[in-house]
Amino acid sequence: MDKLKLHTPDFTQENIARLAELFPNCITEAHAEDGTVKRWIDFDQLRQELSDHIIDGPRERYHLNWPGKREALLAANAPIAKTLRPCREESVDFDTTKNLFIEGDNLDALKLLQETYLNKVKMIYIDPPYNTGNDLIYEDDFSTDGYDYFLASQQTGDTGHRLVLNQESNGRFHTDWINMIYPRLKLARALLRDDGIIFMSVGDDEQANLKKICDEVFGAKNFLGCACRVAKKTNNQGDYWSPNFDYVLTYARNKELCRGFFGGVNYEAYNEVEADGPRKGEKYQLVRLYMTSLDPLRGCSNQRYYVQAPDGTLLIPPGTIFPKDKVEGASIPPERADDKVWRWTRETYLKSKDRIVIKQVRSSNLVDSNGDSVLWNVYTKTYLRDVIANTTAKPNSLIEGHLNQGSSHELRALRIPFSFAKPVSLIRYLCEVARIEGDDIVMDFFAGSGTTAHAIMEHNAAQGTNLRFVLVQLPEPLSNDENSQKEAFDFCVTLGVSPSISEVCKERIRRAGKKVKEEAGLVGQKLDIGFRVLKVDTSNMKDVHYRPDAVKKDELLDHIENIKQDRTCEDLLFQVLLDWGVDLSLPIAKEMIDGKTVFFVDENALAACFDTDVTEELVKKLAARKPLRAVFRDSGFSSDAVKINVEQIFKLFSPGTEVKAI
């Protein structure tokens with residue numbers, strides 16, 4: 001029986017098989033022998049992508065370069081032996097929610113999510129530190145080679161990662177920020193769907209550098225534009241210009257597969273809701289079938305016909321010539337300018353009568369078959385969903401109406417102390433622009449106060465969608481001495497939690513979920529306002545699992561069990577889910593079978609038992625359930641004979657089951 005590898009994949013080998021798709025940064029410009037400038041493959045860059053150590057690249061050429069670039073590539077590619085540990089007590093609706101909150105370094109989190117969410121995320125929004133000289137940024141120390149880092153990273157949860165105040169006086173002001181963002185964007189790109197989009201808020205300090213980085217990571221051809229967002233209306237800061245803008249840099253995973261952006265509609269106009277039929281629950285507005293502005297003599301030969309009112313009256317736009325047959329649908333071509341016509345052709349009307357609404361009104365421009373005035377009017381139902389799907393209007397690249405002060409009001413309403421958050425309306429607007437729908441996944445790996453989660457819950461409540469969010473936030477400690485953090489520090493102390501930004505974020509999501517549900521009138525109804533808390537930690541496995549050759553003979557008895565003593569069965573389950581690439585939000589059921597705890601993920605997608613003294617009878621009962629996958633603790637069988645027979649039992653009762661040990 002094979003064992004699970006239980007560490008993140010080594011992307012170096014995977015990159016070799018997908019060179020053209022995965023490495024747009026290896027295409028550059030260089031001088032040919034004839035002196036002309038041509039497109040070339042950057043073989044030095046390619047060697048670095050496919051190497052587990054830092055190499056030299058002597059050739060000078062046009063490309064983006066900075067001190068530490070090769071280390072940043074190594075940071076993105078180096079495997080880690082870490083895991084995500086579930087925390088039920090900090091979660092909301094752990095067993096049913098589809099949302100995830102991951103606490104830990106986002107570089108580790110993005111690596112751990114590679115197999116599970118590869119090519120599955122529709123939209124990513126990030127608001128990384130703006131690098132103003134006063135912000136903390138990640139500094140990733142990957143000075144060792146990939147294998148050495150891999151070995152070290154399983155020993156401590158903080159190896160290679162620390163927060164630093166990136167001041168201009170340190171001489172690496174831009175370099176440190178670029179080295180931080182570059183590997184994270186490389187990993188994020190792999191998570192995007194083929195039609196996926198990433199939005200990045202950025203300030204003046206790094207906007208130009210971020211554009212160059214993204215051209216390399218995503219490919220310049222996948223640049224969708226850079227929008228300016230009005231962040232403040234009044235601002236007396238700055239030495240020259242008073243800054244009122246920041247930027248939303250936008251890239252697609254594959255521009256050719258990305259739909260055009262949605263330019264918006266007047267949602268308030270769609271104030272009717274379909275009561276019955278296949279479109280029950282959809283919003284629509286009523287639009288008059290006759291409009292005086294229509295020119296009857298411009299290709300409208302079949303647009304003058306009778307429509308029958310509920311009392312039998314035949315209705316038609318005003319004119320001098322009428323159809324001879326006094327029946328609904330009878331038509332006549334207009335002969336002069338005062339023979340008015342409907343918006344729809346006769347064929348469209350007859351085919352779409354279910355979208356026609358005829359109402360009695362106080363005054364109307366319509367007439368009956370004798371040319372007399374009537375008190376009826378004819379309307380068509382225009383469904384909001386159809387308008388959104390078919391509109392060709394594009395949004396302006398100047399984003400207005402989403403000021404920073406909006407976030408202050410939102411947080412104050414929730415009694416959450418936090419500074420410099422983005423407004424919920426901005427994230428909802430970007431979801432609308434990118435046409436996020438259904439159960440699409442939205443990710444934010446610089447979660448901050450949790451604005452993205454709040455926005456997704458509001459969007460679902462308003463639009464009836466089931467969008468899912470995946471948030472990542474480092475448990476960045478709050479200071480009791482710094483004025484800007486003291487209120488948040490005291491807030492966490494009041495809650496009885498460790499003072500950190502991740503704790504503030506989780507509490508904001510809890511409160512926002514309740515508020516959204518109450519304001520939408522959905523209390524007691526289906527709306528996912530929960531989230532599973534998963535924490536980045538060292539592997540559940542002891543060092544012997546990864547380096548069995550390093551164990552000395554006199555230590556063998558200490559390593560009979562290869563799982564750390566402080567880890568639970570649910571910890572092991574989530575590491576298995578990661579290793580197998582199973583969705584971390586799938587429902588999990590726990591059953592007792594023959595006195596042993598067995599987890600069933602998504603009913604029969606995975607059966608897992610990590611108890612000891614597992615008998616052959618229990619294995620047979622699990623095989624009879626025919627799970628897609630089954631996993632056991634390597635040392636958990638009651639005897640060596642049972643362990644040897646496991647695969648044979650499954651081959652007999654459930655040959656389609658993949659069996660592994662941990």
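Data for the structure
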read-out: Approximate spin-label separation E400-K232, in nm, with each point projected 7 Å along Cα-to-Cβ; value: 2.0
read-out: Sequence-distant residues sharing a close amide H with R193 (under 5 Å, placed H); value: K120, V121, K122
read-out: Gained length - T465 relative to H53, 0.36 nm times residue gap less alpha-carbon distance; value: 143.7 nm
read-out: Separation of the K326 and T382 label points, Cα + 7 Å toward Cβ, nm; value: 3.5
read-out: Net charge of Cβ neighbours under 13 Å - reference L411; Lys, Arg +1; Asp, Glu -1; value: +3
read-out: Likely footprinting exposure, D602, D105, fewest C-beta neighbours within 10 Å first; value: D602, D105
read-out: Too-long pairs where the Cα-Cα distance tops 25 Å, listed order kept, from K98/K486; K186/K526; K211/K255; K111/K626; K233/K515; K186/K255; value: K98/K486; K186/K526; K111/K626; K233/K515
read-out: Förster-model FRET efficiency, 35 Å R0, A389 and L64, C-beta, rounded to 0.05; value: 0.35
read-out: Relative exposure of H409, H402, judged by other C-beta atoms within 10 Å (fewest first); value: H409, H402
read-out: Rounded FRET efficiency, nearest 0.05, which uses the C-beta distance separating S373 from R415 and R0 of 60 Å; value: 0.50
read-out: Least to most buried among M200, M541 (fewest other Cβ within 10 Å first); value: M541, M200
read-out: Within-11-Å neighbourhood charge of A330 [Cβ basis; K, R +1; D, E -1]; value: +2
read-out: Computed lengthening from E561 to T494, 0.36 nm per intervening residue step minus Cα-Cα distance; value: 20.0 nm
read-out: Shape category assigned to region 60-102 from the gyration tensor of Cα positions, a/c cut at 1.5; value: prolate
read-out: 13 Å reach of a label modelled at D95, 7 Å along Cα-to-Cβ, counting backbone N of region 573-587; value: 587
read-out: Highest to lowest packing among 572-585, 489-502, scored as the average C-beta count within 10 Å; value: 572-585, 489-502
read-out: Cβ-Cβ FRET estimate between E617 and C569, R0 fixed at 25 Å, reported to 0.05; value: 0.80
read-out: Length gained when the stretch A269-M291 is fully extended (0.36 nm per residue, less Cα-Cα span); value: 6.1 nm
read-out: Dmax and Rg, reported as Rg then Dmax, of region 267-390 (C-alpha, Å); value: 14.9, 43
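Since every read-out is calculated from the coordinates, none of them should be taken as a lab result. What you see is a predicted model, and the numbers here were worked out from it, not measured in a lab. Heads up, the Cβs are rebuilt from the backbone with ideal geometry, glycines too, and the neighbour counts pull from every protein chain shown.
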